[in-house]
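One structure is given below, encoded as structure tokens.
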Amino acid sequence: QVQFVESGGGLVQPGGSLRLSCAASGIIFRIKAMAWYRQAQGKQRELVAAISSGLSTNYADSVKGRFAISRDNAKNTVALQMNSLKPEDTAVYYCNTNPPYGSGWGQGTQVTVSS
């Protein structure tokens with residue numbers, strides 16, 4: 001069974017930082033491209049950052065230079081370091097493969113950027 005468990009969200013002031021983590025199971029993690037997605041209230045889910053099995057990365061234009069995705073194949077985890085957070089980064093953040101397993105969406109972790 002494919003499962004992704006996200007953690008690390010919270011309430012942070014504009015300009016602050018958070019580090020999200022995701023534990024994956026049920027997949028051969030090391031060969032899978034992984035990604036972080038987010039869904040703000042009333043909006044569609046969007047891809048934020050992706051990392052290939054070969055460690056190539058790409059980012060949505062809105063987060064370039066502020067967010068960094070990384071992975072640890074030994075631990076089957078993927079992380080998202082988020083710096084210089086803005087109110088528009090407020091959303092529920094999810095991890096999944098890229099492209100995503102439709103049945104693999106977890107509960108996500110809420111990130112709220114507000115003063």
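The values are calculated or read from the model by the stated rules, or taken from the named source; none is laboratory data. These figures come from a predicted structure and were not determined experimentally. Counting neighbours? That spans all protein chains shown, and the Cβs are built from the backbone with ideal geometry, glycine included. Surface accessibility is based on the protein's heavy atoms, side chains included, excluding ligands, DNA and RNA. Shrake-Rupley method; radii C 1.70, N 1.55, O 1.52, S 1.80 Å.
Considering the conditions (1) open to solvent by less than 30 Å² (accessible area, probe 1.4 Å); (2) under 18 Å from Gly108 (Cα atoms), Leu11 is excluded by exactly one of them, (1). Looking across the range 67-109, just one residue is within 12 Å of Ile51 (Cβ to Cβ), without any contact (Cβ under 8 Å) to a residue 24 or more places away in the chain and open to solvent by 50 Å² or more (accessible area, probe 1.4 Å), and that is Asp72. Closer than 15 Å to Ser7 by Cα, touching a residue at least 40 places away in the same chain (Cβ under 8 Å) and either open to solvent by less than 60 Å² (accessible area, probe 1.4 Å) or outside any loop (DSSP other than H, G, I, E, B) (or both): is that true of Ala23 in this structure? Considered against the rule, which asks whether it is closer than 15 Å to Ser7 by Cα, touching a residue at least 40 places away in the same chain (Cβ under 8 Å) and either open to solvent by less than 60 Å² (accessible area, probe 1.4 Å) or outside any loop (DSSP other than H, G, I, E, B) (or both), Ala23 comes out as yes. Would you be able to tell me the number of residues in the range 44-63 that are surrounded by fewer than 15 Cβ atoms within 10 Å (Cβ to Cβ) and hydrophobic (A, V, I, L, M, F, W, C)? Residues that pass the stated criteria total 1.
This table checks each residue for (1) surrounded by 12 or more Cβ atoms within 10 Å (Cβ to Cβ); (2) part of a loop (DSSP other than H, G, I, E, B); (3) among the aromatic types (Phe, Trp, Tyr).
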{"residue": "Phe4", "(1), (2), (3)": "yes, no, yes"}
{"residue": "Ile27", "(1), (2), (3)": "yes, yes, no"}
{"residue": "Ala35", "(1), (2), (3)": "yes, no, no"}
{"residue": "Gln41", "(1), (2), (3)": "no, yes, no"}
{"residue": "Gly65", "(1), (2), (3)": "no, yes, no"}
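Of all residues being of a type in the set (A, V, I, L, M) and not in a loop (DSSP other than H, G, I, E, B) in the range 67-91, which is farthest from Gln13 (Cα to Cα)? Just the residue, please. The selected residue is Val78.
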